[in-house]
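Q: Next up is a structure, given as structure tokens.
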Amino acid sequence: MNVRIASALWRTLLFQASWNYDRLVGVGMAHASEPLLRDLPGGRTGEPYREAMCRATEFFNAHPYMGGMAVGAVARAEHDGLPGEQVRRLRHALIGPLGSVGDRLFWAGVLPAAVGLGLVVTATVSPLAGIVSFLVAYNAVHLAIRVWGLRAGWRSGPAIAQELTAGSIQQGLRVVGPIAAIAVGFALPVVAEWLAEEFQMRTRLSIGLVAALAIVFSRWIVPTFGTLRFGLAAAGFALVVGWLS
């Protein structure tokens, strides 16, 4: 990995540091793209560099972990000499796919899977080990995707769509959801047993009854109430009962 790619990769970690309601992560994208645009004809004082940086600061929004693909692809398009309007269309075309793939891959897959792993380790080893295992597992995947995405974008340029439809990404999207479901499903009873091990059987049955009532109440009786509101109401009720007793 050359110095320019490494510098751009580091800057993608700050993708959202300049987030604003006008351009969303556009300024962050420009900051990450700058090392890849320095050697355009004329260098930093040349017209191609100034125009490319102006385009790079325009509106952009995508999943922050996948934004590196857009950084690399757009920077490559600038080096290939594509007209400015084509570069803008490429940026705009990447917003939806990168957001969709990133959300499905991370928020619906990697994050819950890593949380499930961390919870199991917390319950079976120690809370500190659980925190460390979550951070290591989650960031190992997230950083690997950042590295791959930036390099794939820089390598492919305007043909970046081929990378998004490649077998590795599609296979990852197919398996990450079931892995997350298995991890969370396995973690729930393990954590429940760990949390309830100091409780008497009567208390455990009470907890199970409240959970069952929450499901019935929020799913069939008053669906708009929601499990979160039910949980807060139950916690408030328990606090009042405890205080009165």
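Q: Being touching a residue at least 40 places away in the same chain (Cβ under 8 Å), out of contact with any Pro (no Cβ under 6 Å at 6 or more places or on another chain) and not in a helix (DSSP H, G or I) is the filter here; which residues of segment 14-38 pass it?
A: Passing the criteria: only V25.
Q: Output the residues belonging to segment 64-90 that are under 15 Å from G26 (Cβ atoms) and either of a type in the set (S, T, Y) or not in a helix (DSSP H, G or I) (or both).
A: P64
Q: Additional query: Within segment 185-196, is even one residue assigned to a helix (DSSP H, G or I), surrounded by 13 or more Cβ atoms within 10 Å (Cβ to Cβ) and acidic (D, E)?
A: no
Q: Looking for whichever is surrounded by fewer than 21 Cβ atoms within 10 Å (Cβ to Cβ), in contact with a helix residue (DSSP H, G or I) (Cβ under 6 Å, 6 or more places away or on another chain), hydrophobic (A, V, I, L, M, F, W, C) and in the same structural domain as A140 (by TED's automatic domain parsing) here; the options are F59, F15. Which one fits?
A: Checking each option against the conditions leaves just F59.
This table checks each residue for (1) touching a residue at least 60 places away in the same chain (Cβ under 8 Å); (2) of a type in the set (G, A, S); (3) in the same structural domain as G130 (by TED's automatic domain parsing); (4) outside any helix (DSSP H, G or I).
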{"site": "S168", "(1), (2), (3), (4)": "no, yes, yes, no"}
{"site": "G172", "(1), (2), (3), (4)": "yes, yes, yes, no"}
{"site": "G177", "(1), (2), (3), (4)": "yes, yes, yes, no"}
{"site": "G208", "(1), (2), (3), (4)": "no, yes, no, no"}
{"site": "A212", "(1), (2), (3), (4)": "no, yes, no, no"}
{"site": "V216", "(1), (2), (3), (4)": "no, no, no, no"}
{"site": "A234", "(1), (2), (3), (4)": "no, yes, no, no"}
{"site": "V240", "(1), (2), (3), (4)": "no, no, no, no"}
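Q: Show the residue pairs that are 6+ apart or on different chains and have beta-carbon atoms under 9 Å apart, the first residue being within segment 134-148 and of a type in the set (K, R), the second being assigned to a helix (DSSP H, G or I).
A: R146/L9; R146/T12; R146/G67; R146/G68
The values are calculated or read from the model by the stated rules, or taken from the named source; none is laboratory data. Just so it is clear, the structure is predicted and the values come from calculations on it, not from any experiment. So basically every Cβ, Gly included, is an ideal-geometry build from the backbone, and we count neighbours across all protein chains shown.
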